[in-house]
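So the structure is just underneath, and the comments pick up after that.
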Amino acid sequence: MMLENIEFIIPCGGKSTRNYPHSKSIAHKSLLPFGDVRLIDVLLHDIIKMGGRHITIVCSNEETVKQFREALASDTVTEQKLRKAGRIAIADILASTFLPSDVDLKFAIQKEPLGTAHVLGLAHRLSPERHGVMIFPDDVILSKDSQNTHLQRIVQAFLSDESQILCTGIEKEDVSNNAIIHNGRLIEKPAIAYNHIGGYSPIVIPRQALDFMTAQVDVYEATGQMPQNLGTNEWVYTDGINQFLDSETAKGVLTWQLRMFMKAPEDLLLDTGTLPFYELALVRALLSLSRFRSENRALAQKLLAE
């Protein structure tokens with residue numbers, strides 16, 4: 001089933017300095033290797049497999065957009081050369097990164113680092129009739145059931161009741177670097193741990209909330225004034241969601257529910273947002289997900305035995 005009313009929004013701005021030096025010469029850390037493919041390929045595969053066809057990648061400039069277009073373009077010429085040379089496994093891996101022809105891939109440009117609520121407002125301009133699912137490409141969730149992924153479950157939960165705003169929730173001892181829900185609002189990086197459910201992406205945001213954020217982006221572009229009550233210089237998604245819930249726009253027929261949609265215990269979250277975390281995730285991918293995992297494991301065992 002195609003998800004015509006859902007836009008998948010992937011923020012890919014910034015310089016990815018937390019993953020330097022690996023990410024220094026590429027458009028964005030989402031293009032870093034992950035097993036046989038790249039981080040963004042894992043995310044795109046989950047989106048496409050569940051029927052998602054509307055995808056917006058938000059970049060910082062036109063040059064980055066150009067590099068993403070080139071990175072995500074199908075290269076059937078090279079694929080066929082590999083097959084003729086008998087390198088079938090490599091050809092199959094390459095082909096697995098090609099996007100289906102019916103994918104509606106769009107790009108938005110965030111010229112200034114104004115935060116993730118600003119990202120959502122910009123992306124929603126390109127798909128104003130759809131709800132949004134924002135996914136940070138460095139939050140990799142590997143679902144044990146490949147036929148029923150976390151992404152699929154959270155979107156299905158939203159579609160059963162479109163008055164919800166859903167964040168991925170993970171129970172953890174230290175939530176000081178996450179967002180939590182307290183008294184019906186999001187608290188970013190809480191000084192007090194009112195609970196131990198930390199927020200991650202995917203985050204499902206209804207169209208009405210995205211309309212609100214796009215309107216604020218319009219105001220900023222006309223006046224240079226971003227919404228107030230911000231704890232930092234950026235207008236992040238927690239600010240945008242809270243301001244929507246507090247706005248007159250949100251008062252109406254629907255009673256909006258802000259809640260955490262819990263990750264299944266058997267699903268694995270890999271945070272690849274820093275160099276040490278990325279390398280750990282990469283090792284796991286090479287040993288567990290790669291088509292060459294048997295060879296990789298044999299080498300790892302040999303090295304550990306030396």
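The values are calculated or read from the model by the stated rules, or taken from the named source; none is laboratory data. All values reported here derive from a predicted model rather than from experimental measurement. Using ideal geometry, Cβ is built from the backbone for each residue, glycine included, and neighbour counts are taken over all protein chains shown.
Brief remarks follow.
- If you go through the stretch 165-182 and keep only what is at pLDDT below 95 and within 16 Å of Leu245 (Cα to Cα), you end up with nothing.
- Sole residue being more than 26 Å from Phe244 (Cα to Cα) and crowded, with 21+ Cβ neighbours inside 10 Å, chosen from Thr116, Thr149, Thr76: Thr149
- Count - residues of the stretch 122-145 that are hydrophobic (A, V, I, L, M, F, W, C), in a strand (DSSP E or B) and closer than 19 Å to Leu282 by Cβ: 3
- Subset tally (residues that are closer than 21 Å to Ala281 by Cα and acidic (Asp, Glu)) for the stretch 146-172: 1
- If you go through the stretch 103-120 and keep only what is at pLDDT below 95 and among the acidic types (Asp, Glu), you end up with just Glu112.
- Residue within the stretch 204-217 that is at pLDDT below 95 and in contact with a Lys or Arg (Cβ under 9 Å, 6 or more places away or on another chain) present: yes
- Applying the criterion of being more than 21 Å from His45 (Cα to Cα) and among the aliphatic types (A, V, I, L, M) to the residues of the stretch 68-95, the residue that is farthest from the chain's Cα centre (by Cα) is Ala85.
- Where strands (runs of 3 or more DSSP E) fall entirely within the stretch 147-221, those with at least 3 residues that are in contact (Cβ under 8 Å) with a residue 24 or more places away in the chain are at 164-171, 185-188, 197-205.
- Restricting the stretch 283-306 to residues that are among the charged types (D, E, K, R) and in a loop (DSSP other than H, G, I, E, B), the residue that is surrounded by the most Cβ atoms within 10 Å (Cβ to Cβ): Arg291
- Close pairs from the stretch 277-298: first closer than 26 Å to Ser16 by Cα, partner polar (S, T, N, Q) and at pLDDT 95 or above, Cβ under 7 Å, at least 6 apart: Leu286/Asn296; Leu287/Asn296; Ser290/Asn296
- The set of residues from the stretch 247-282 being farther than 24 Å from Asn195 by Cα and loosely packed, with under 13 Cβ neighbours inside 10 Å comprises Glu248, Lys251, Gly252, Val253, Pro276.
- The set of residues in the stretch 188-203 that are out of contact with any helix residue (DSSP H, G or I) (no Cβ under 6 Å at 6 or more places or on another chain), at pLDDT 95 or above and within 21 Å of Leu114 (Cα to Cα) comprises Gly199, Tyr200, Ser201, Ile203.
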